[in-house]
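The values are calculated or read from the model by the stated rules, or taken from the named source; none is laboratory data. This structure is a prediction, so every number in the text was calculated from the model and none was measured. As a convention, Cβ positions derive from the backbone with ideal geometry for all residues, glycine included, and neighbour counts pool all protein chains shown. All accessible areas refer to the heavy atoms of the entire protein, side chains included, with ligands and DNA or RNA removed. Shrake-Rupley method; radii C 1.70, N 1.55, O 1.52, S 1.80 Å.
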Amino acid sequence: MDFSQAKKLLEQGIPFVQRSGIEILELRRGFVRLRLPYAPNVNHIGTVYAGALFTGAELPGGALFLSSFDVSRYFPIVRSMNIEFLKPAKADVFVEVSLDEARITAIQAEADAAGKADFELEARLLDAEGTLLARSLGKYQLRRTGA
């Protein structure tokens with residue numbers, strides 16, 4: 001799937017994500033960077049709502065799937081997601097998540113052989129100055145279609 005198709009699907013395909021204004025800034029095989037804007041996600045105390053931060057940490061799993069795996073052969077499942085909130089987010093939040101080529105190849109080979117493959121993604125949620133606001137660990141599963 002090319003960048004523009006994946007970007008549109010990610011930003012507009014899920015109503016909550018669309019309402020939150022998440023923007024995919026960069027998407028390529030094994031890498032995603034997104035921006036979660038402050039304004040539509042502010043809570044009652046003037047910081048970014050925890051649920052929006054959670055979405056910003058979880059969405060990159062789907063983005064990496066679209067940019068790194070054959071969508072006609074596999075589909076992703078979120079098995080669990082843990083997030084640790086470290087500092088209040090008082091501005092836009094940036095999230096980067098990556099998988100190296102060797103890990104992508106190993107996940108795909110395991111899914112081909114066993115019908116599924118578990119993997120983890122760590123996300124760091126940062127402000128524009130690079131301050132770590134939150135970190136997450138998502139446990140995902142790639143499943144082979146028809147398995």
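Quick notes on this one:
- Identified option (computed Rg and Dmax of the Cα atoms in Å; candidates (i) 15.3, 50; (ii) 16.9, 60; (iii) 17.9, 58): (i)
- Karplus-derived 3J(HN,Hα), 6.51/-1.76/1.60, for each residue of region 31-41, Hz, glycine and proline x: 8, 9, 10, 10, 10, 9, x, 5, 3, x, 10
- Per residue of the chain, the DSSP helices (runs of n ≥ 4 H) give a summed -39500 (n - 2.57) that works out to -10500 deg cm²/dmol at 222 nm.
- Here the 3J(HN,Hα) profile of region 51-65, calculated from phi with Karplus coefficients 6.51, -1.76 and 1.60 at θ = phi - 60°, is x, 5, 4, 4, 4, x, 7, 8, 4, x, x, x, 5, 5, 4 Hz, Gly and Pro shown as x.
- Taking amide H positions as modeled 1.01 Å from N, with prolines and chain starts lacking one, the residues under 5 Å from Leu86 and 5 or more places away or on another chain are Ala134, Arg135.
- Subtracting the Cα-Cα distance of Arg135 and Arg35 from their residue separation scaled by 0.36 nm leaves 34.5 nm.
- Solvent-accessible area of region 12-62 (1.4 angstrom probe, protein heavy atoms only): carbon and sulfur portion equals 55 percent.
- Other residues within the sphere of radius under 13 Å centred on the Cβ of Leu142, judged by their own Cβ, net out at +2 (K and R +1, D and E -1).
- Centre-to-centre separation between the Cα atoms of region 41-61 and those of region 1-16: 19 Å.
- Placed amide H near Phe31: partners under 5 Å, 5+ positions off or other chain: Leu99
- Environment charge of Ile77, counting only residues whose C-beta is closer than 10 Å and scoring Lys/Arg +1, Asp/Glu -1: +3
- Divide the volume of the convex hull around the Cα atoms of region 48-108 by the residue count and you get 105 Å³ per residue.
- For the chain, averaging the sequence separation of C-alpha pairs within contact (under 8 Å, six or more residues apart) and dividing by the residue count gives a relative contact order of 25 percent.
- Counting only protein heavy atoms and a 1.4 Å probe, the chain has 52 square angstrom of accessible area per residue.
- Cross-link reach is defined here as a Cα-Cα straight distance under 29 Å, omitting same-chain residues fewer than 8 places apart; for Lys116 the lysines meeting it are Lys7, Lys8, Lys139.
- Here the calculated FRET efficiency for Thr145 and Phe16, from their Cβ-Cβ distance with R0 = 25 Å, stands at 0.45, rounded to the nearest 0.05.
- Remark: the Ser4-Leu25 segment gains 6.5 nm on full extension, using 0.36 nm per residue and subtracting the alpha carbon distance.
- Put a dot 7 Å past the Cα of Val71, heading toward its Cβ, do the same for Thr105, and the two dots end up 2.5 nm apart.
- Karplus 3J(HN,Hα) series, Hz, for region 69-81 with 6.51 cos²θ - 1.76 cosθ + 1.60 (x for Gly, Pro): 10, 6, 5, 7, 10, 9, 9, x, 10, 8, 8, 6, 8
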